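A.B. asks: To start, I am sharing the structure in question, which I have written as C-alpha cells.
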Amino acid sequence: MNVGAADQLLPLCFGVAVLKLWDGLDDDLAEDGRAAADVEHPLEVHQLARQFVSELLVVRGMIADFAIHQPDKDGNRIIGEDGKPLFDAVPTTDWGRPETLEHWREMWAAMVNAKFVEKGLACRVDHRSYERQGLDLLPTVHEGVAVRQMEVKSITTDKGDWNRWVKAARKMLGDIRKKIAHLTDWIKAIKEELSKPKGPTLAALLTDYYEGRNAGAWGRNARIGNLKDFAEAVNFLTERGITTLEDLEAHIAAQGERAEALNTSMKAKRDRLNELKELLRLVDLYRDTKPIYDEWKGKRENFEREYEGELRAFHMVRRKLDKYRSPAGKIPVHAWEQEQERLYQEYQAEYEQYKPIQDDLWKLQQVKRNTDTAIRQQEQTRQKRREAER
C-alpha cells in the first residue's frame, strides 16, 4: 500500500512504546475477539486525522495506530485484497456498537465538511446511505484496489460490470424523470392556452405545423419527408389513444408511474443481490480458511502466530454463516446461487423495459416541439392581423 502518513496516539496514562505494546497483545487475544480495528481515512489530511482520532478515540482510552493511504490514480482508496477490512469489536467496551460507529462516522463527516468550508469548497460528504438521505438512487458497490487494477488493464470484472450497469440505469431513470417533469409543466402551460375559446386541438396544431413546413419546403423530397413525419406523429398518438391534451397528460403520468415502479422493483432486487454476493463471498472465505482452522486445532500456539489473520477471518465468517444453517447444519449455498442467478436475470429484464419508456417520451417531446412551433406561428399570424387592422 502507498502510505501517505502514519502516526500513533496513546492516552496520557500509557508510557509504553507502541511496537512493544502490539507485541504483547498476541497473548491476550480471545479466540473470537480483536484488540485492534482498522480505521481508514480517505483524505490526505494528516492533521485532520489526528484531530479526529484524538477527540473521538483516544479520549475514550483507545490506543490508535493509524495510517493515511494514498488513493490510486482513479481516486479510490487502497484497501486489503478482500476489498473489505475486517472488524471485530472488543467485547469489554462499546467501541464496536453500531451506535458508537455511527457517531464516529457522523463526527468524521462533520470534521471533513468543516475543513471544506474553511478551504472555500462547495463539496460536502455525508456518512448516511442514499436511502437514509432520502435519495432514490441506485448505489454502486465498492470495487477495491484489485478490481480497479484489473479494470485499468481492460479486464472486465463482475463488480465493474455491475457498477457500469447501475450508472447507466441511474442516468436513464434521471433522464426519464426530467422528461416527464418537463412535459408535465408544458402540458399545464398549453392547457391554459387551449382553454381559451375556440382553442386548437392537438391534431389541428400538428396539421398547422406541417402545413407551415410544407409552405417553406424547397423541393418535392422535403414535402414528402414532412408528410411522412406528420403521418408517424398521428399514428403514434392514435396507437396510444391520445387525441386531447388530457389524454396526453394521462399517458405521460402512466409512463412516469411505470418508470418509478420499475425503479422500486430493481432497487429491491439490487439490495438482495448485494446481500447474496456478500454471503457467497463469506462462503468462499470460509472454504479457504477452514482447512487452516482444522490444522490449527492440533497445533495451537506456534501455528496461531503464523496464521493469525486467517484464523480470525474463519471465526468471523463462521459466526456470520451459522445463523443461516439448516436444521441439518448445512449452509444453503446452492439455493443462494440459484436465487442470485434468477434475480440477475429479472433485473436485466426490468432494465430493458426502461428503453421503450425513454423512446416513448422522446417521441412525445417531438410532438411537444412541433405543437409549440404551431402555437407560435398562430400567435404571430394573429399579431400581424391586429397590426393590419389598426
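Read the figures in this text as sums done on the coordinates, not as results from a lab. The shown structure was predicted, so the numbers you read here are calculated from the model rather than taken from an experiment. Cβ placement follows ideal geometry from the backbone for every residue including glycine, while neighbour counts extend to all protein chains displayed.
A.B. asks: Any idea what diffusion coefficient region 105-190 gets from Stokes-Einstein, in µm²/s, Kirkwood Rh on alpha carbon pairs, 20 °C, 1.002 mPa s?
C.D. replies: Translational diffusion coefficient: 131 µm²/s.
A.B. asks: Label points 7 Å out from Cα along the Cβ direction at A110 and E246: separation in nm?
C.D. replies: 5.5
A.B. asks: Which entries of K153/K355; K179/K384; K290/K330 have Cα-Cα distances beyond 22 Å here?
C.D. replies: Check vs 22 Å cut-off fails for K153/K355; K179/K384.
A.B. asks: Of E246, E310, how do they rank once you tally other Cβ atoms within 10 Å and put the fewest first?
C.D. replies: E246, E310
A.B. asks: Just want the ordering: Y344, Y209, from fewest to most Cβ atoms lying within 10 Å of their own Cβ.
C.D. replies: Ordered from fewest to most neighbouring Cβ atoms within 10 Å, Y344, Y209 come out as Y344, Y209.
A.B. asks: Report, in cubic angstrom per residue, the convex hull volume of the C-alpha atoms of region 172-390.
C.D. replies: 216
A.B. asks: If you don't mind, there's one more thing I want to ask. Taking the number of other C-beta atoms within 10 Å as the exposure measure, put M316, M107, M266 in order starting with the fewest.
C.D. replies: Lowest to highest Cβ neighbour count: M107, M316, M266.
A.B. asks: Full-extension gain between E102 and A122, please, as 0.36 nm times their residue separation minus the C-alpha to C-alpha distance.
C.D. replies: Between E102 and A122, full extension yields an extra 4.8 nm.
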